[in-house]
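> Here it is: the structure, laid out below.
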Amino acid sequence: MKKFISLTTLLILTRYADAQTTYLNTPNLKLEANPLVSVFGLGWTGLIFTQITLLAFIIYALWVYCFKTVTVPTFDKGTSLKQFISIFYFRDTKSFYKLFYKLPKNKNSLLYSFGYVLTYSLIFMSIVISSSTSLLLSNENYRHFYSSYHLQACLYLLGIISVIFFFIKFYKKELLSRIAY
């Protein structure tokens, strides 16, 4: 329970910090790099509604991760990470690549993994982005660096890398915790 409350609080606070620094940097959202604004043209109302909806989903997935268990068929100690991922989502050792084009048979395992991965990824990226926006507000050199080197593309790449990192960390953690000794 303590872990769930701590992570939920941290998630909400870091999302608020991101929104607050965004508002301070660009109250009219003209400089906002979020695709919801720059591509889809959402204003503050649409952006806040979408963010709250996304946050509610992630908190629910975190609740599933913290309080539910996912049953996984037994496997031996020599099971590779790739085989475990296949077992975790599809209940067999040969379906790893289906992850890229098919929804898992075990939907609870998908929600369970999202609870870990999306929570940690969003907390990390919210800290990075709100820090970056704070620097945009306070440091002329950083503003120049940000615009000269297309730093927002680097931030998107960092977001993708963080999701991959937390998925790998999640799978390794789950594999180690479920090995039958």
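> What residue, of Ile164, Ile129, is at negative phi, within 22 Å of the chain's Cα centre (by Cα) and surrounded by 13 or more Cβ atoms within 10 Å (Cβ to Cβ)?
So the residue among Ile164, Ile129 that is at negative phi, within 22 Å of the chain's Cα centre (by Cα) and surrounded by 13 or more Cβ atoms within 10 Å (Cβ to Cβ) is Ile129.
Yes or no, residue by residue, for (1) out of contact with any His (no Cβ under 8 Å at 6 or more places or on another chain); (2) assigned to a loop (DSSP other than H, G, I, E, B); (3) free of Cβ contacts under 8 Å to residues at least 24 places away in the same chain; (4) open to solvent by 80 Å² or more (accessible area, probe 1.4 Å):
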{"site": "Leu10", "(1), (2), (3), (4)": "yes, no, no, no"}
{"site": "Tyr16", "(1), (2), (3), (4)": "yes, no, yes, yes"}
{"site": "Val37", "(1), (2), (3), (4)": "yes, no, yes, no"}
{"site": "Lys82", "(1), (2), (3), (4)": "yes, no, yes, yes"}
{"site": "Asp92", "(1), (2), (3), (4)": "yes, yes, yes, no"}
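> Here are some conditions: (1) open to solvent by 90 Å² or more (accessible area, probe 1.4 Å); (2) at pLDDT below 90; (3) part of a helix (DSSP H, G or I); (4) touching a helix residue (DSSP H, G or I) at 6+ places or on another chain (Cβ under 7 Å). Leu99 meets all but one. Which one does it not meet?
Among (1) open to solvent by 90 Å² or more (accessible area, probe 1.4 Å); (2) at pLDDT below 90; (3) part of a helix (DSSP H, G or I); (4) touching a helix residue (DSSP H, G or I) at 6+ places or on another chain (Cβ under 7 Å), the lone unmet condition for Leu99 is (1).
> Mind checking which residues of the stretch 42-69 are closer than 20 Å to Phe4 by Cβ and open to solvent by 80 Å² or more (accessible area, probe 1.4 Å)?
Scanning the stretch 42-69 gives Ile52, Phe57, Tyr60, Trp63, Phe67, Lys68, Thr69.
> Now a separate question. Which one of these does Gly41 not meet: (1) small (Gly, Ala, Ser); (2) at positive phi; (3) assigned to a helix (DSSP H, G or I)?
Condition (3) is where Gly41 drops out.
> Answer yes or no as to whether Ser131 is touching a residue at least 60 places away in the same chain (Cβ under 8 Å) and of a type in the set (S, T, N, Q).
Here the answer is no, as Ser131 does not meet what is asked.
> Okay, moving on. Can you work out which of the residues in the stretch 136-154 that are surrounded by fewer than 16 Cβ atoms within 10 Å (Cβ to Cβ), modelled with pLDDT of 85 or more and not hydroxyl-bearing (Ser, Thr, Tyr) is nearest to Ala19 (Cα to Cα)?
Filtering first and then ranking leaves Leu137.
The values are calculated or read from the model by the stated rules, or taken from the named source; none is laboratory data. A quick note: this is a predicted structure, and the numbers were derived from the prediction, not measured. Using ideal geometry, Cβ is built from the backbone for each residue, glycine included, and neighbour counts are taken over all protein chains shown. Keep in mind that these areas ignore ligands, DNA and RNA; they rest on the heavy atoms of the full protein, side chains included. Shrake-Rupley method; radii C 1.70, N 1.55, O 1.52, S 1.80 Å.
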